[in-house]
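Working notes, structure below.
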Amino acid sequence: MTGAGTPPDWEALREAARDAMSRAYAPYSGYKVGAAALADDGRTVTGCNVENASYGVGLCAECGLVSQLNATGGGRLTHFVCVDGEGAPLVPCGRCRQLLYEFGGPELVLETPDGFRTLDEMLPQAFGPQHLR
Ligand SMILES: O=c1ccn([C@H]2C[C@H](O)[C@@H](CO)O2)c(=O)[nH]1
Ligand SMILES: [Zn+2]
């Protein structure tokens with residue numbers, strides 16, 4: 001299990017994201033994305049983007065990832081990476097940063113093209129569940 005303070009196997013996580021990316025359905029943008037994250041119980045969850053003929057209905061890879069997290073037992077995300085069609089890390093879009101915040105919070109660590117960042121750095125002053133209490 002990779003808990004707080006234990007460095008995860010980022011290469012394995014990137015590989016899981018690339019594997020998910022290979023199953024992306026992106027005939028409209030031509031931009032395939034795969035995402036992978038570690039949950040706090042050590043399991044890996046993944047997702048790929050799934051587009052739609054009605055363009056705005058398309059789903060980012062992170063949507064599938066958080067769905068898989070919940071469908072396979074829930075928990076919290078600790079480490080995350082998403083990759084493009086060439087297997088290189090990209091930054092998640094704004095909507096997906098919000099999605100990730102719900103299940104990872106500000107301490108979630110992301111691999112980006114510029115190195116490792118916390119979600120707090122990527123989405124400062126985030127709105128979250130704490131505001132609804
Ligand atoms: O964080 C992101 C950013 C983009 N995409 C997808 C959405 C769309 O299908 C394609 C081009 O934007 O990439 C993701 O899956 N995740
Ligand atoms: Zn997105």
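What the table below lists for this structure:
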quantity: Those residues of segment 50-77 which are more than 13 Å from ligand 2 (Cβ to nearest atom) and either within 20 Å of Y31 (Cα to Cα) or of a type in the set (D, E, K, R) (or both), in sequence order; calculated: N52, A53, S54, Y55, V57, R76
quantity: Where R133 falls short, out of the listed (1) free of Cβ contacts under 8 Å to residues at least 12 places away in the same chain; (2) within 16 Å of ligand 2 (Cβ to nearest atom); calculated: (2)
quantity: Condition met for C96 (touching a helix residue (DSSP H, G or I) at 6+ places or on another chain (Cβ under 9 Å), more than 19 Å from G128 (Cβ to Cβ) and either away from ligand 2 (no atom under 15 Å from the Cβ) or touching a residue at least 24 places away in the same chain (Cβ under 8 Å) (or both)); calculated: no
quantity: Verdict on L110 being under 20 Å from P7 (Cβ atoms) and within 14 Å of ligand 2 (Cβ to nearest atom); calculated: yes
quantity: Scope segment 78-93; condition of a type in the set (A, V, I, L, M, F, W, C) and away from ligand 2 (no atom under 15 Å from the Cβ); matching residues; calculated: A88
quantity: Answer from G58, G85, G94, G64 - the residue that is in contact with a Cys (Cβ under 7 Å, 6 or more places away or on another chain) and within 11 Å of ligand 1 (Cβ to nearest atom); calculated: G64
quantity: Where G5 falls short, out of the listed (1) modelled with pLDDT of 95 or more; (2) surrounded by fewer than 19 Cβ atoms within 10 Å (Cβ to Cβ); (3) within 17 Å of T78 (Cβ to Cβ); calculated: (1)
quantity: Any hit, segment 75-89, residues being free of Cβ contacts under 8 Å to residues at least 40 places away in the same chain and of a type in the set (V, I, T); calculated: no
quantity: Number of positions in segment 20-55 that are closer than 14 Å to C82 by Cβ, small (G, A, S) and within 12 Å of ligand 1 (Cβ to nearest atom); calculated: 6
quantity: Close pairs (8 angstrom Cβ cut-off, 6 or more residues apart or separate chains): more than 13 Å from T78 (Cβ to Cβ) in segment 103-121, assigned to a strand (DSSP E or B) and at pLDDT 95 or above anywhere; calculated: T112/P89; P113/P89; R117/V109; R117/L110
quantity: Selection count where residues are touching a helix residue (DSSP H, G or I) at 6+ places or on another chain (Cβ under 7 Å) and under 15 Å from L110 (Cβ atoms), scope segment 62-77; calculated: 4
quantity: Segment 94-133 - residue that is within 14 Å of the chain's Cα centre (by Cα) and of a type in the set (F, W, Y) and, of those, farthest from S67 (Cα to Cα); calculated: F116
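The values are calculated or read from the model by the stated rules, or taken from the named source; none is laboratory data. Since the model is a prediction, treat every value here as computed from it, not as a measurement. Cβ atoms come from the backbone with ideal geometry, glycine included; neighbour counts cover every protein chain shown.
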